[in-house]
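The structure appears below as structure tokens.
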Ligand code: NAD
């Protein structure tokens, strides 16, 4: 029997229990900044040092944290499902937990790319990226992040993945940041969909959505166990 295709769509909330603050909760790293000052093309043009510093701090933190039970539970799903993760997160905690197929909609903190040759993308082995660090053709490197106001190049790929899915799990996203939040609209009607978020708000209008008001670390292992159990009868 072929495996069902399961799409997991994650946001900052799944990494909260690893110690990375979410955007909406506005604590930790985001508290001292307005996003326009640090996460937009205009910010990069007017104050690249500040933008670098902001992402350096986030990258430094990422080297210090670990995946949590929410990330790890999703790895187990691969035993019985064709799992594709689409994440808004720029951390690499899904990969470090062991998930094999992860699409990053908003870029990756541990990568840098050339400001003049966008196809030149580099893995960063260390947290610090500096003004003066260049690609092999001599152009300044920038964080490999999709900033507010920039196009989301992976969005069409994500839409196709959602359209093919049989089951959708949404974890730890306020569904406020577009176009990512619109992905749910591409999921075929009348198929099972779940949302895990302790403070899920404004989702009453989404028909057929099972809302689990728990943290990812608690809710994901429970839901994963239930889904695996349901499949074990086949
Ligand atoms: P968001 O901050 O807008 O919303 C986070 C959601 O997670 C909220 O609904 C909150 O109730 C929920 N949440 C909080 N703790 C949780 C937990 N323990 N378990 C489950 N859910 C929990 O985040 P978003 O919707 O992802 O959008 C914010 C944008 O900021 C994204 O574009 C993302 O790229 C970026 N961002 C990324 C990271 C990261 O990479 N880890 C962190 C912060 C922000």
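Which of rounded, prolate, oblate describes the stretch 58-140, given a ≥ b ≥ c as roots of the alpha-carbon gyration tensor eigenvalues and a/c under 1.5 marking rounded, otherwise prolate only if a/b is larger than b/c?
Prolate is the answer for the stretch 58-140, as a/c is 1.5 or above and a/b outweighs b/c.
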* To do: Would you work out if the stretch 103-234 is rounded, prolate or oblate? Take a ≥ b ≥ c from the square roots of the eigenvalues of the alpha-carbon gyration tensor; rounded if a/c is under 1.5, else prolate when a/b is larger than b/c, oblate otherwise.
  => prolate
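Assign one of three labels to the chain, namely rounded, prolate or oblate, based on the Cα gyration tensor with a ≥ b ≥ c the square roots of its eigenvalues; rounded applies when a/c is under 1.5, prolate when it is not and a/b is larger than b/c, and oblate otherwise.
It is prolate, given that a/c is not under 1.5 and a/b is the larger ratio.
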* Asked: Between residue 211 and residue 160, how many nm apart are label points set 7 Å from Cα along the C-beta direction?
  -> 3.4
* Determine, at each q value in 0.25 (inverse angstroms), the log₁₀ of I(q)/I(0) that the Debye formula gives when each Cα of the stretch 168-216 is one equal point scatterer. => -1.03
* Footprinting exposure proxy for 23, 81 (fewest neighbouring C-beta atoms within 10 Å first) -> 23, 81
* Sort 116-129, 215-228 for me by packing, meaning the mean count of neighbouring Cβ atoms within 10 Å per residue, highest on top. => 215-228, 116-129
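Taking Rh as the Kirkwood radius, which is the inverse of the mean 1/r over Cα pairs, what is the Rg/Rh value for the stretch 154-195?
In the stretch 154-195, Rg relative to Rh is 0.93.
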* Under 16 Å from a point 7 Å along the Cα-to-Cβ line of residue 226: which residues of the stretch 75-94 have their amide N that close? -> 77
* Mind checking which of 45, 104, 71 has the largest fluctuation in a GNM of the chain, springs on alpha carbons under 10 Å? -> 45
* Asked: Under a GNM of the chain (C-alpha, springs under 10 Å), which listed residue has the highest mean-square fluctuation: 133, 92, 197?
  -> 133
* Theoretical ellipticity at 222 nm over the chain - DSSP helices of four or more residues, -39500 (n - 2.57) apiece, nearest 500 -> -8500 deg cm²/dmol
* Do you know the relative contact order of the chain, to the nearest whole percent, from alpha carbon pairs under 8 angstrom that are 6+ apart? -> 25
* Asked: Share of antiparallel DSSP beta bridges in the stretch 147-220, in percent to the nearest 5?
  -> 0
* Sorted by Cβ density within 10 Å, fewest first, the residues 20, 14, 206, 196 -> 206, 20, 196, 14
* To do: Compare the peptides 56-66, 105-115 by average per-residue count of other Cβ atoms within 10 angstrom and give them in order, highest first.
  => 105-115, 56-66
* To do: Please find the FRET efficiency linking residue 35 to residue 65, where r is the Cβ-Cβ separation and R0 is fixed at 22 Å, and quote it to the nearest 0.05.
  => 0.55
* Asked: Order of 72, 188, 231 from fewest to most other C-beta atoms within 10 Å?
  -> 188, 231, 72
* To do: Write down Rg/Rh for the stretch 1-118, rounded to two decimals, with Rg from the C-alpha atoms and Rh from the Kirkwood relation over Cα pairs.
  => 1.02
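Laboratory data are not the source of any read-out in this text; all were calculated from the coordinates shown. Remember, predicted model here, so these are calculated numbers, not experimental data. Because the Cβ atoms are built from the backbone with ideal geometry, glycine has one as well, and the counts that use them run over all protein chains shown.
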